[in-house]
Structures are given as C-alpha cells and as structure tokens.
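The values are calculated or read from the model by the stated rules, or taken from the named source; none is laboratory data. Just so it is clear, the structure is predicted and the values come from calculations on it, not from any experiment. Because the Cβ atoms are built from the backbone with ideal geometry, glycine has one as well, and the counts that use them run over all protein chains shown. Note: accessible area is taken over every heavy atom of the protein model, side chains too, but ligands, DNA and RNA are not part of it. Shrake-Rupley method; radii C 1.70, N 1.55, O 1.52, S 1.80 Å.
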There are 4 protein chains.
Amino acid sequence: MSKSALVVIDMLNAYDFEDAEQLAEHVREVLPNVKHLIDRASEEDVPIIYVNDNYGDWNSSADELLETARRGRFPDLVEEIAPKEDVKFVIKGRHSVFYGTPLDHLLRELDVGRVVLTGQVTEQCILYSALDAYVRDYELAVPKDAVAHIHDDLGDAALRMMETNMSADIAPAGDVEL
Amino acid sequence: MSKSALVVIDMLNAYDFEDAEQLAEHVREVLPNVKHLIDRASEEDVPIIYVNDNYGDWNSSADELLETARRGRFPDLVEEIAPKEDVKFVIKGRHSVFYGTPLDHLLRELDVGRVVLTGQVTEQCILYSALDAYVRDYELAVPKDAVAHIHDDLGDAALRMMETNMSADIAPAGDVEL
Amino acid sequence: MSKSALVVIDMLNAYDFEDAEQLAEHVREVLPNVKHLIDRASEEDVPIIYVNDNYGDWNSSADELLETARRGRFPDLVEEIAPKEDVKFVIKGRHSVFYGTPLDHLLRELDVGRVVLTGQVTEQCILYSALDAYVRDYELAVPKDAVAHIHDDLGDAALRMMETNMSADIAPAGDVEL
Amino acid sequence: MSKSALVVIDMLNAYDFEDAEQLAEHVREVLPNVKHLIDRASEEDVPIIYVNDNYGDWNSSADELLETARRGRFPDLVEEIAPKEDVKFVIKGRHSVFYGTPLDHLLRELDVGRVVLTGQVTEQCILYSALDAYVRDYELAVPKDAVAHIHDDLGDAALRMMETNMSADIAPAGDVEL
C-alpha cells in the first residue's frame, strides 16, 4: 500500500444554503467518525490536509473560513474538527479538491500515493474529488460512515460508483487503514 | 444560451473488456440517437469533437482507433458513427475528456460555452466529463437516450446527479438544443 | 482590447535568500511604479489580484504572508504595496502564477482576457507567468519599469522574449493601458 | 538520479513560417546530435517520447504530421529522426509539451523523474517545456548542442536561465546521462 494522507473536505461550513438542514443532520451523524479519523492520523503521523471551499471569497484564509463557519448556523459541527496548528490547509474555489489547487503537487511532495477522503458532500465534492484522485492514479479510501450526503439515494449511488468504478475502499472509518 | 459543441465520447471501441456485452446492448439502443445528433450538428454547423480513449496505446491516431474498433467484437456499433473528415478529434488517456487533453483550450478557441455530451459510459466517462465541464463553468446537456450505461441503477443515478447537481439538461436527443 | 486585470506577483517577500540583496535593490527602483499601477487600477476599477508564493508553508494566508514579509529584511519594500481590503489574493506554491492555482478560473469568472504583470522576479516568476498566460491565449502587458530582476542580462533577455515571442506590451508603467 | 526519458520536441516540422530559414540552419547543425541521442536512448531502453505541435490541425496523427513535414521545405531535417515504431507520441496544441497534453501522466506511469529535452526552439518550446518540467519537480537535462534556436542571443539566454534557475544539466549531448 502506498503512503496515505487524510483529506478533510469542506468541513468548515456556514450551512447557509438550500438543503443545509438535511446535510447538517447527516454531518452530525458522521462527525464522531471524522474526528476519530483526524485523531488517528495525528497519532500515526499520517499527513492531514484540509481542503475547503472559499465560497466565492477569493481573499479568504483558513482562519477566516473557520470564523465564518463558527458564526454560521451549526457551529457545533465545526468546533470539533477545527484544524489544529500542524495540519496543511488548501483552499479551493470549485467542487473538486484537485481543480485549481496545489493538492496534486503537495501530495507528490509528501510522496503520498493513497488518499483517504472524509467530509462532505458524498454525492458531490467527495465523489468529484474521488474521481480526480482516481484519474491521477491515487489509491482511494472513502470511509462510508465518515462522509455526509444530502440525498440518501444519490449518496448510496456515489459510494457504489467509487467502489465499483474507482476501486475505492469504502470500509467503515473504524476499519479503514491510514 | 452559449454556443454549443457536440462531444462524442469513446464510441470507437473494440468492446473487449468485462461488461462489454452488457454495454454493447445499451449502445445498440442509443446508437440511432447518437448518429442523429451527429447529423444534426453537421447540418447546423455545430462543432463536432470526438474524444476517444487511447486504451493505453500512447502512439495511436484517430485512424488506428477506428481500425482497432472495426476489428473488435461489435463493428456494427462503430461503422455508423465513424468520424467524418470535418470533425475534430482529441485523444485521451484517462476517463475524463478534460484530463490531460487540449479540449478546454480547443473549446475556448471555438468560443464554445456549452457542451452536449453523447456516447459512453453514462456512469463513468460521461459522468466524469460532465463534472469536469461543470467545474469549468460550461453549460451542459446530456441527452439521456444518446448515452449508454453498463449498470441500470448507476446509469440512472449518474443522470440524476448531472441534472440535480450540475444543472445539466437531460432531455431526449430529439428535444435537446444544439 | 480585452478587459484587463493587474496581477501583482511575489511582492510579499521576506528577502531571506541568496541574491536577495541584489533583487531588493532593483525592487526599490521599481517600487514607485508598482505602487502607481496599483493606485491606477484601483481608481479605474480594474481588478487587482495579488499572487504570492507560500514559500513552502502550506497553511499560510495573505495576512501571514504579509506579517512574515514585514518582519523580513526589507519591510520598506513591503509596506508600500501591502494589499488593501478590496483586492483578490491567490496563493501559489511554485513559480508560475497559474500552476496549481485557481487564477485561470478566477480570470474567466471576471471575464478578463488581458493580464498586466508587475512584481518580481523578471527572469523567473514574471517570465514563467507570462508564458503560462500566453499559452492560455491571454493578451499580455509587462511594464518594464514595474518588474524587478536579479541579473541584468537575464532580465533583459526575459523582456525581449516576452515582447518577441509572446506579443507582450512592455511599455513603461506610465504608458501601459489598464 | 531518477529514471530518465528522452523528449523529442517539434522535430516534425514543415518549416513554412517566418524565421524558418534561420531555424533550419541551426537544426541542421544539431541534427546529428539529436539523432545520436535517440539512438542511444533506443539502445539503453530509455523511453523516447516525441511531442509535436499539431500546428492548428486538431485532427492530426503522428503519421500525418510526419507526412506534412516530409512534404515541407526541408525534408532532409525530418527524415533522419522520423519516429520509429516503438516510440511514444504525444500531440500538443500549444508551445509547452505539458500544456493540454497527457505527458505528465505518461511520465508518472513510466516512473520517470528526469527529462532530457531535445529538439526546437531553444528559446521557445524548449524553454517553456523546461519550465513546466521544473515546476512539476522533474530533474532536467537540455544538451546544448541538441537543441536549435532562432536568435543567438535569446537561445544563449534560455540556456543560461535553464542552468541557473531550473538546475538543468546543459552538458553537450555526448556527455549527457540518459
């Protein structure tokens, strides 16, 4: 198995859009697993990379995104996984963590060949990022209880697509290798 | 509406892989619609761009891909939509039509802001290409009876994802604007 | 002429590397011109985009880069062009402003087709960014007295390459159109 | 030293543009060295990748580019280095061998970490390709007597830039490691 990195996607979120309520409910369910993955990665010296949308603000920093998220509708969903000092932070402007970002370069620098994706939204940014990892020949794990969906059926389909067509490991967070 | 291009994906295919039988059956169903779209685009002077996988052969040309496909298991699925002289042809090495290809540059040169995707496989290359078009801010149409899937449920889910999350027009080929 | 943006490159700099002294001397010479361009762009509502290296710190923000630069060897070279609230800020990890950044996407969103490059280093990041703009079909202006070089001969050659081979306008800052 | 590949740039050329005469003269001088590098690479099982411009023809193949070049003004400059069966061939639409091409992906697949650039034009496609290799962290060799320039001064400056700022090995072709 190649060296892994844990990629935490779009968890700094003000939840102020349509469907946010539905999403937040699912985030709440998976939050302990996300947090646990981050703790494990930290203990095991696996690189942790937060990749977060700038939500159209092209002058934002990790600190500002965190503040905006804390002032949003569900600060409890943010507080638990606020990035610690030692994580890397990449800001994205569109859905995929690879599009218009230095993530691919950073992963190569770190000699990482396998990405473990956690965060939201399963059938959107997670799926799109998984695909972009797959075409770039990264091995892929997407712990199914550490990603949050909006729609049940599309979330399920996304997980099956990642497993069937992208060779992703979708074991539960407790079982996933880091 | 922005200027459109018709993008014909992976139709030059030797169908020599697992699931090929199942895929071919669905290709056969949608083939008349694919062909009709190509004819309409040709008549209406809409740019037609074939984008086809090189299937790991890094020295392949359009002609060779066509010949390989004609010698494959289902030449009848190839003959009907063999690229005419005046189409553009882009070779890809991975699933998305945008990854490692000049397609984005070519579309900008042609002043195209909207892509109509046809071909195969709905829940794989079509979905991945749709996503890559969407993050690049292209408008998107995916005529649902001019794309071929392997698995019914994943094909359906892919179409719903494109409609719900990528604002794609998924009207039947007969109704889609070019 | 297409709509322009002013791109301010690597001006937040702690100047703690080899050749920094030589570079700083040239930066000091061009600084009034850089500042004047920024003021003009601000008055004329031309988008201003700072693009700055993260110098290997993958968790940096505009604020941190500014603070680091202010604590560096030549704070006077930084203070004058510290980014104002209304500018956009893009962080890069490598030399070109386009590599691993959302700049291309941002320019398209802003409907910008022409970039005016200012900052440092003429024969490195400026040249590389000019090239990447040129292959992406952006029109190009590089005011020759608003970019700072390290080596006289390479700086000169870079300006001639941009003029001869990339159709760049290299008029003095006072004459360049925004 | 990482595993190398030999990248042969824009040698299939009809030489029907301004400055072509001047360029052809320099190509003629370096041609034996280019050919010798290709032969050495072939003997030593070093991957050989031709990357050639499509000169605006988006439906071109290696064979067509070769035919066009043979019918051009200087077929003698083409014949000697016509690609053999076992080389890989990548078509580009713009100056850099990396822009809008699968080259980066192909190099990764081949586990190549070092590129040896040969061909034309030193102060244009060679320089731009060198830069794009450098920002992607490839090691770089540019045998100075196996690349052809148009302008003496810009060609010289390009070689110095590659040596000084991109850590390129610019030893003569006879001495360069493959």
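For the stretch B:78-89: of the residues being out of contact with any Ser or Thr (no Cβ under 9 Å at 6 or more places or on another chain) and over 25 Å from B:HIS149 (Cβ atoms), which is least open to solvent (accessible area, probe 1.4 Å)?
B:LYS88
Filter the stretch A:104-140 for residues that are of a type outside the set (A, V, I, L, M, F, W, C), at the interface with chain B (Cβ under 10 Å from one of its Cβ atoms), farther than 22 Å from A:PRO47 by Cβ and out of contact with any Ser or Thr (no Cβ under 9 Å at 6 or more places or on another chain) and give the result.
Answer for the stretch A:104-140, where residues must be of a type outside the set (A, V, I, L, M, F, W, C), at the interface with chain B (Cβ under 10 Å from one of its Cβ atoms), farther than 22 Å from A:PRO47 by Cβ and out of contact with any Ser or Thr (no Cβ under 9 Å at 6 or more places or on another chain): just A:GLN124.
Could you list, ordered by first residue, the pairs with Cβ atoms under 9 Å in which the first is in the stretch D:131-151 and under 17 Å from D:ASP111 (Cα atoms) and free of Cβ contacts under 8 Å to residues at least 60 places away in the same chain and the second is basic (Lys, Arg) and part of a loop (DSSP other than H, G, I, E, B), at least 6 apart or interchain?
Final answer for the pair search is D:TYR134/C:ARG94; D:ARG136/C:ARG94; D:ASP137/C:ARG94.
If you go through the stretch C:158-176 one residue at a time, do you hit one that is surrounded by 24 or more Cβ atoms within 10 Å (Cβ to Cβ), touching a His at 6+ places or on another chain (Cβ under 8 Å) and closer than 26 Å to C:GLN22 by Cβ?
Scanning the stretch C:158-176 turns up at least one residue that is surrounded by 24 or more Cβ atoms within 10 Å (Cβ to Cβ), touching a His at 6+ places or on another chain (Cβ under 8 Å) and closer than 26 Å to C:GLN22 by Cβ.
Quick one: which strands (runs of 3 or more DSSP E) sit completely within the stretch D:72-156 and have at least 1 residues that are hydroxyl-bearing (Ser, Thr, Tyr)?
D:114-120
Restricting to the stretch C:14-36, name every residue that is touching a helix residue (DSSP H, G or I) at 6+ places or on another chain (Cβ under 9 Å), open to solvent by 10 Å² or more (accessible area, probe 1.4 Å) and closer than 27 Å to C:LEU110 by Cβ.
Within the stretch C:14-36, the subset touching a helix residue (DSSP H, G or I) at 6+ places or on another chain (Cβ under 9 Å) is C:14-15, C:17, C:24, C:26-28, C:31, C:34.
Narrowing the set further to residues that are open to solvent by 10 Å² or more (accessible area, probe 1.4 Å) leaves C:14, C:17, C:26, C:28, C:31.
Once the filter is applied, which keeps residues that are touching a helix residue (DSSP H, G or I) at 6+ places or on another chain (Cβ under 9 Å), open to solvent by 10 Å² or more (accessible area, probe 1.4 Å) and closer than 27 Å to C:LEU110 by Cβ, the stretch C:14-36 yields only C:LEU31.
Here's a check for you: in the stretch C:141-154, which residue that is more than 10 Å from chain D (Cβ to nearest Cβ) and open to solvent by less than 10 Å² (accessible area, probe 1.4 Å) is farthest from D:GLY155 (Cα to Cα)? Full working, then the answer.
So in the stretch C:141-154, the residues more than 10 Å from chain D (Cβ to nearest Cβ) come out as C:141-149, C:152.
Okay, now just the ones that are also open to solvent by less than 10 Å² (accessible area, probe 1.4 Å), so C:141-143, C:146-148.
Numbers: C:ALA141: 23, C:VAL142: 21, C:PRO143: 23, C:ALA146: 25, C:VAL147: 22, C:ALA148: 22 Å.
For the stretch C:141-154, the residue satisfying everything is C:ALA146.
In the stretch D:37-71, how many are open to solvent by 70 Å² or more (accessible area, probe 1.4 Å), over 22 Å from D:VAL116 (Cα atoms) and more than 11 Å from every other protein chain (Cβ to nearest Cβ)?
4
Filter the stretch C:72-90 down to residues that are within 14 Å of another protein chain (Cβ to nearest Cβ) and within 16 Å of the chain's Cα centre (by Cα), then give me how many there are.
Counting residues in the stretch C:72-90 that are within 14 Å of another protein chain (Cβ to nearest Cβ) and within 16 Å of the chain's Cα centre (by Cα) gives 7.
Here are some residues: B:ALA146, B:ALA157, B:ALA62. Which one is modelled with pLDDT under 95 and among the hydrophobic types (A, V, I, L, M, F, W, C)?
Numbers: B:ALA146 fails: modelled with pLDDT under 95; B:ALA157 fails: modelled with pLDDT under 95.
That would be B:ALA62, the only listed residue that is modelled with pLDDT under 95 and among the hydrophobic types (A, V, I, L, M, F, W, C).
State which residue pairs qualify: first residue closer than 13 Å to D:GLU25 by Cα and inside the stretch D:72-83, second residue open to solvent by less than 30 Å² (accessible area, probe 1.4 Å) and of a type in the set (Val, Ile, Thr) in any location, beta carbons under 7 Å apart, and separation of 6 or more residues or different chains.
From the stretch D:72-83, the pairs are D:LEU77/D:VAL27.
Inspect the stretch A:41-64 for any residue being assigned to a helix (DSSP H, G or I), farther than 23 Å from A:ILE170 by Cβ, under 16 Å from the mean Cα position of the chain (by Cα) and of a type outside the set (Gly, Ala, Ser) and give the result as yes or no.
Within the stretch A:41-64 (the criterion being assigned to a helix (DSSP H, G or I), farther than 23 Å from A:ILE170 by Cβ, under 16 Å from the mean Cα position of the chain (by Cα) and of a type outside the set (Gly, Ala, Ser)), the answer is no, since none of the residues qualifies.
Mind checking which residues of the stretch A:90-131 are of a type in the set (Asp, Glu), open to solvent by 10 Å² or more (accessible area, probe 1.4 Å) and on the phi < 0 side of the Ramachandran plot?
Filtering the stretch A:90-131 for residues of a type in the set (Asp, Glu) gives A:104, A:109, A:111, A:123.
When the remaining residues are screened for being open to solvent by 10 Å² or more (accessible area, probe 1.4 Å), the result is A:104, A:109, A:111.
Hits for the stretch A:90-131 are A:ASP104, A:GLU109.
Looking at (1) facing chain B (nearest Cβ under 9 Å); (2) touching a helix residue (DSSP H, G or I) at 6+ places or on another chain (Cβ under 9 Å), can you tell me which one D:THR101 breaks?
(2)
Examine the stretch B:47-68 for a residue that is without any contact (Cβ under 8 Å) to a residue 12 or more places away in the chain and over 30 Å from D:LEU110 (Cβ atoms), and state whether such a residue exists.
Looking through the stretch B:47-68, none of the residues is without any contact (Cβ under 8 Å) to a residue 12 or more places away in the chain and over 30 Å from D:LEU110 (Cβ atoms).
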